[in-house]
Amino acid sequence: MAFLDLKNVSKSYGDTPVLQGIDLAVEEGEFLVLLGFSGTGKTTLVNLMAGLEMPTKGEVLFKGRPVTEPGPERGVIFQNYSLMPWLTVNGNVGLAVDTMFPELSRAERAAKVAHYVGMVGLSHAAGRRPAELSGGMRQRVNVARALAMDPEMLLLDEPLSALDALTRGNLAEEIEKIWEADKKTCVLITNDVDEAILLADRVVMMTNGPRATIGKITEVGLPRPRTRKALLEHPDYYAYRQEVLDFLEEYEHGNQSKHASGAAPKPKAVAAETPKAVAAE
Amino acid sequence: MTTVDPNFDADREARRERRFAAITKADTWFRVLGLAWITPLLRIGAGDNPRAHLGEIWRLLGVPVLAILAFLALWGTLAPQVQTSLGAIPGPAQVWEQAVGLNEDAVRTRERAADFYARQDERNAERIAAGDEPRYREFTGAPTFYSQIRTSIKTVFFGFLLATVVAVPLGIAAGLSQTANAALNPLIQVFKPVSPLAWLPIVSIVVSAVYVTDDGWFEKSFLVSAITVTLCSLWPTLINTALGVASIDKDLVNVSKVLKMGTWSKIRKLVLPSALPLIFTGLRLSLGVGWMVLIAAEMLAQNPGLGKFVWDEFQNGSSESLGRIMVAVFTIGIIGFLLDRLMYTIQSLFTFTNNR
Ligand SMILES: Nc1ncnc2c1ncn2[C@@H]1O[C@H](COP(=O)(O)OP(=O)(O)OP(=O)(O)O)[C@@H](O)[C@H]1O
Ligand SMILES: [Mg+2]
């Protein structure tokens with residue numbers, strides 16, 4: 001039994017189909033990266049996993065039980081920071097600490113908040129409000145808040161997309177480091193190939209919408225801990241990169257390709273990962 | 001003393017920097033208080049080139065002052081040409097005279113009151129010396145202009161407070177729940193346009209019937225005016241609160257869902273802070289409406305306050321009445337303006353900064 005299981009999940013908003021026939025098993029402790037073009041329905045997929053949206057068809061199982069509502073056991077790092085503008089960094093992180101550990105004393109609470117704020121390197125800005133932070137700093141607060149929920153798994157919706165390339169690379173490495181520390185199950189969404197390869201155990205590539213589904217899954221066997229520099233020097237890196245880019249090229253310019261309209265996912269790649277799903281088709 | 005201290009210039013420069021920083025900081029407050037024109041004057045005083053600020057001073061101080069002068073001139077020339085049953089309409093000078101007269105009246109009344117109490121104390125001292133119980137009576141002069149103002153302000157704030165206590169929770173409920181919104185919406189639509197003059201008879205009859213205890217907490221007339229204010233000033237706060245609550249950032253709502261916040265903590269930590277700017281907008285509108293309504297209510301119901309003052313002068317019909325009524329009009333306007341500024345200041349204090 002997988003940790004988080006999506007079984008033949010489809011989602012439409014009214015008459016608008018977004019996702020169709022998604023079968024995906026996220027294993028405990030793995031770092032899964034979902035890669036797809038903008039507007040394909042990645043956020044929708046994360047919302048389904050988090051329980052913020054319900055699937056129109058199929059089901060989402062977390063540790064074998066259907067997901068019916070969101071909860072702190074599946075921490076979400078939202079795409080657009082979503083920080084409370086009237087709270088300081090400490091206040092925003094404290095919000096998560098409060099829900100998870102309501103019985104803490106004042107000092108214990110402060111220590112816990114300081115721990116998570118320090119973890120993302122924001123101790124010097126703990127008293128500032130989001131308006132006084134840079135985009136990268138806000139995203140760090142977002143990360144710290146999710147970590148403070150002490151979730152069983154983390155859902156990261158394009159945590160780095162709004163950042164400039166330099167900050168982006170640094171923060172990606174930091175996320176890798178934080179993940180290395182306790183190997184929590186992670187699902188991260190991105191539209192950046194290098195980021196995907198840097199972080200992923202498996203890269204799940206989505207076809208273009210509407211009716212987006214899983215096109216291909218690539219396992220990334222590069223050694224950890226990974227840094228951008230080490231990756232560039234690794235002989236296999238370019239092969240992985242090429243594989244992902246080839247797939248994306250096929251779907252560029254909204255090209256629907258043969259199977260996207262026919263609903264059957266690319267058999268070869270998916271068969272390797274989720275044989276049952278193909279049998280069900 | 002010809003030695004040149006190299007630190008001297010740097011020191012002075014630093015002080016100057018600090019001075020300008022302080023002025024910039026104070027500027028936000030001047031703006032809030034409607035005194036934005038002070039800033040360029042201060043900058044010039046602190047050693048800035050006056051030329052750079054002339055345009056701003058002209059716009060912030062020159063234009064408004066000129067406009068006021070033009071208004072006064074127009075008023076002064078046109079007013080004497082209109083003859084009424086009470087003589088010509090008073091110009092600015094006559095109205096000012098009346099204002100001074102009202103102030104003198106108030107001072108005289110205060111002196112008489114002081115006299116009255118002094119004599120009463122004397123008498124009581126004698127009575128106590130003679131072994132009798134002292135007797136105390138209230139001074140019963142006609143209310144002064146100032147006491148009318150005080151009554152009006154007290155009434156409007158009481159009514160406004162009641163309205164807030166009712167409207168904010170209802171607005172939150174309407175913003176959070178579609179059901180509550182559906183229930184409240186028709187009522188709001190129907191009652192919002194009702195004029196205070198229509199509420200007043202109902203309110204006075206109901207108050208007379210319900211508030212029969214003579215506990216001396218409130219005067220009946222006070223309650224009637226205050227409740228009329230409440231009924232009319234409820235709606236802006238209610239509508240704006242509901243709007244503010246309904247338009248909370250969906251992403252922040254998602255955060256609260258993932259954090260599994262309870263209803264109460266969600267209201268306290270998410271709903272109220274994010275709706276606060278609109279709640280305050282509503283409160284500001286409400287207080288404005290309340291102040292307008294109050295004057296009408298006092299006039300019609302003969303409740304003490306500025307409205308009654310206007311009505312009494314109107315009935316009085318002496319040659320001074322028109323001037324006094326105009327004094328009241330300006331007083332009402334200026335107090336309304338100050339109330340609005342007050343609310344705006346409180347709003348600035350309580351609202352998080354990046355929403356402004
Ligand atoms: N609440 C909604 N109601 C109707 N349509 C929606 C809703 N949310 C998303 N959609 C539609 O679903 C599609 C996928 O949206 P989604 O936000 O999941 O894309 P995304 O892959 O996350 O895009 P991006 O990379 O830009 O974040 C879009 O076409 C969008 O218009
Ligand atoms: Mg998205």
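Points worth noting:
- Shielding score for A:79-85, defined as the mean number of other chain Cβ atoms within 10 Å: 5
- The range A:1-143, Rg to Rh (Cα coordinates; Rh as Kirkwood inverse mean 1/r): 1.03
- Shielding value for A:64-77 is 2, the average number of Cβ atoms from other chains within 10 Å of each residue's Cβ.
- Pairs of lysines in the range B:145-350 (C-alpha under 21 Å apart; 8 or more residues apart or interchain): 9
- Pairwise alpha-carbon distances in the range B:145-350 exceed 26 Å for 43% of all pairs.
- Summary of the geometry: the range B:20-51 and the range A:122-174, compared by the centres of their Cα atoms, lie 39 Å apart.
- Top positive-direction residue, dipole computed over the protein assembly as shown with Cβ charges, set B:212, A:231, B:86: B:86
- Mean Cβ count within 10 Å, highest first, over the residues of peptides A:125-137, B:123-135, A:42-54, B:177-189: A:42-54, A:125-137, B:177-189, B:123-135
- With q set to 0.22, 0.26, 0.27 Å⁻¹, the log10 of I(q)/I(0) for the range B:11-81, from the Debye formula over equal scatterers at the Cα positions, is -0.94, -1.12, -1.16.
- Selection from B:291, B:314, B:277 lying farthest towards where the dipole of chain B points positive, charges on Cβ: B:277
- 24 Å tail of the calculated P(r), the range B:1-135, as % of Cα pairs: 68 percent
- For chain A, the alpha-carbon coordinates run over 58, 45, 33 Å along the three principal axes, in decreasing order.
- Residue A:184 accessible area, assembled protein chains, probe 1.4 Å, Å²: 40 Å²
- Cα-centred dipole magnitude for the protein assembly as shown, charges only on beta-carbon of K, R (+1) and D, E (-1), debye, nearest 20: 480 debye
- Electrostatic dipole magnitude of chain A [Cβ: Lys, Arg +1; Asp, Glu -1; Cα centre; debye, to 20]: 420 debye
- Peptides A:154-162, B:193-201, ordered by how many other C-beta atoms sit within 10 Å of their residues on average, highest first, read A:154-162, B:193-201.
- Aspartates and glutamates with Cα under 13 Å of residue B:25, excluding same-chain neighbours fewer than 8 positions away: B:17
- Where Rh is the Kirkwood radius over Cα pairs, Rg/Rh for the protein assembly as shown: 1.14
- Largest-first principal axis extents, alpha carbons of chain B, Å: 79, 74, 62
- Using only Cα coordinates, the Kirkwood hydrodynamic radius of the range B:212-288 works out to 14.7 Å.
- Ranking B:76, B:57, B:29 by Cα position along the charge dipole of the range B:11-81, where only Lys, Arg, Asp and Glu carry charges on their C-beta atoms, puts B:29 farthest toward the positive end.
- Only lysines eight or more places from residue A:177 in sequence, or on another chain, were considered; those with a Cα closer than 23 Å are A:112, A:229.
- With Cα atoms defining each centre, the range B:75-145 and the range B:279-333 are spaced 19 Å apart in the structure.
- Size of electric dipole in the range B:11-81: Cβ of Lys, Arg +1 and of Asp, Glu -1, about Cα centre, debye, nearest 20: 180 debye
- Our helix-only sum for the protein assembly as shown, with -39,500 (n - 2.57) per DSSP H run of n ≥ 4 divided by its residues, gives a mean residue ellipticity at 222 nm of -20000 deg cm²/dmol.
The values are calculated or read from the model by the stated rules, or taken from the named source; none is laboratory data. Remember, predicted model here, so these are calculated numbers, not experimental data. Reconstructed Cβ throughout: ideal geometry from the backbone, glycine too, with neighbour counts over all protein chains shown. Please note that ligands, DNA and RNA were not included when accessible areas were found on the heavy atoms of the full protein model with its side chains. Shrake-Rupley method; radii C 1.70, N 1.55, O 1.52, S 1.80 Å.
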